[in-house]
Amino acid sequence: MERRKFLSLTLGALVLAVAPASVRAEDYRKLKPTVWTAHTVEDAIKNLYGTTTTIEKGVKLSTPDVASSGGAVPVTFSTKIPAKTVSVFQDANPEAAVIVYSVTKYDITDYKIQIKMGKPGTITVVVEGLDGKLYSAKRSLDVALGGCEG
């Protein structure tokens, strides 16, 4: 029994050691720096994808109607669309881009994040489908206490 346990642990460690080498991550801050300095959601989307034309379907987005603190606004979003990237933007802070995920057909596209918002605004999630189309969802919310204040 000890030999089996040793072999299974060794095989597991080997898989974990090799797995990160096969994961490909894009550094969008270096590849597309204008996305991260854009002050409007439209400019950030255009700088990332080359267009602002989206289809508003296929993406689920959930936020509270009123966030008690802008310091940690919970945002939940998901899609079943086969995707290349999933990105989040907001219009409450000076820079609009929040995050961009590169995804593969094996990734689960069901996310829960927290973002900082200094004032009420709109959150936009954009999914770049494998078909080359952009799908989106938007949600406006109020912030009771700004992210920079508390």
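Structure values in brief
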read-out	value
Residue-by-residue Karplus 3J(HN,Hα) for the range 50-56, coefficients 6.51, -1.76, 1.60, Hz, glycine and proline x	x, 8, 10, 6, 10, 9, 8
Cut-off 13 Å between beta-carbons: net charge of the residues surrounding residue 51, Lys and Arg +1, Asp and Glu -1	-1
Cut-off 17 Å (backbone N to label point 7 Å along Cα→Cβ of residue 62), residues of the range 88-117	109-115
DSSP-loop trypsin sites (Lys or Arg not before Pro) across the range 42-136, with at most 14 other Cβ within 10 angstrom	57, 80, 105, 133
Contact order relative to length of the range 57-150, as percent, for alpha carbon pairs under 8 angstrom and 6 or more apart	40
Amide proton proximity set for residue 83, modelled H, under 5 Å, gap of 5+	130
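Throughout, read-outs are computed from the coordinates displayed, never taken from laboratory work. Quick caveat: nothing in here was measured; it's all calculated off a predicted structure. Cβ coordinates were reconstructed from backbone atoms using ideal geometry, including for glycine residues, and neighbour counts include every protein chain displayed.
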